[in-house]
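For reference, the structure is listed below as structure tokens.
A short reminder: the numbers here are calculations on the coordinates, not readings from a lab. Keep in mind the model is a prediction, meaning the values are calculated, not measured. Methodologically, a virtual Cβ is constructed for each residue, glycine included, from the backbone with ideal geometry; neighbour enumeration extends over all protein chains shown.
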Amino acid sequence: MHMRLDCDAKSTSLLVANHFYEISSMRSVLNIKAILGALAVAFVLLCVTLAYILWIQPAASLPSLRPASAALTVIPAPTSTPRYVAPTLTLLPPTLAASPTPLPGAFALGVYVQISGTAGQGLHLRAQPGLSNAPQFLGYDAEVYQITGGPQQADGFTWWYLTAPYDQARSGWAVQDYLSVIPSP
């Protein structure tokens, strides 16, 4: 229902009459008899529902009120008490007298050396000290070895037994003249 501002008095009175008609028709539907009837139906439905719940439906079994039994298993906790273990006596082998630390640049057992001064020809490492013994292999310039034996004198040279730190099979006697002492790696 819309009201227009420019309407005349006749149309305004017609609108007001329609509004009162709608309210009066609604009153005829919502009279006291209809309201009481709806309340009666609701009451009957409520009574039927309660009767069903309380008397007709079989009673659900209620839990028994006796105390429940509990099974309890006790697990012993680990303890931190160590068991006593008797000490065992271990005999250490006798140690040899410590060799004096060699001077820097001096040839001695345990010192690292590098082959040098062969002009690219390499240095023959032999099974025994001396030029008459057959070479086992050729050591190249700048190759590093550790002195593990010697010194021995043969054929006018000082000979040292060398072992490659990366391969124990590369070992043999070499002349000191073609070796240079280097710092330990």
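Residues of the stretch 158-181 being in contact (Cβ under 8 Å) with a residue 24 or more places away in the chain and not in a strand (DSSP E or B), which ones? Matches in the stretch 158-181: Pro165, Gln176, Asp177, Tyr178.
Within the stretch 148-159, identify whether any single residue is within 44 Å of the chain's Cα centre (by Cα) and exposed (fewer than 14 other Cβ atoms within 10 Å of the Cβ), and answer yes or no. Within the stretch 148-159, none of the residues are within 44 Å of the chain's Cα centre (by Cα) and exposed (fewer than 14 other Cβ atoms within 10 Å of the Cβ). Residues in the stretch 162-185 that are surrounded by 12 or more Cβ atoms within 10 Å (Cβ to Cβ) and more than 50 Å from the chain's Cα centre (by Cα): Trp173, Ala174, Val175, Gln176, Tyr178, Leu179. Based on what the data block shows, is Ala106 closer than 15 Å to Leu179 by Cβ, without any contact (Cβ under 8 Å) to a residue 60 or more places away in the chain and within 53 Å of the chain's Cα centre (by Cα)? Answer is no for this residue.
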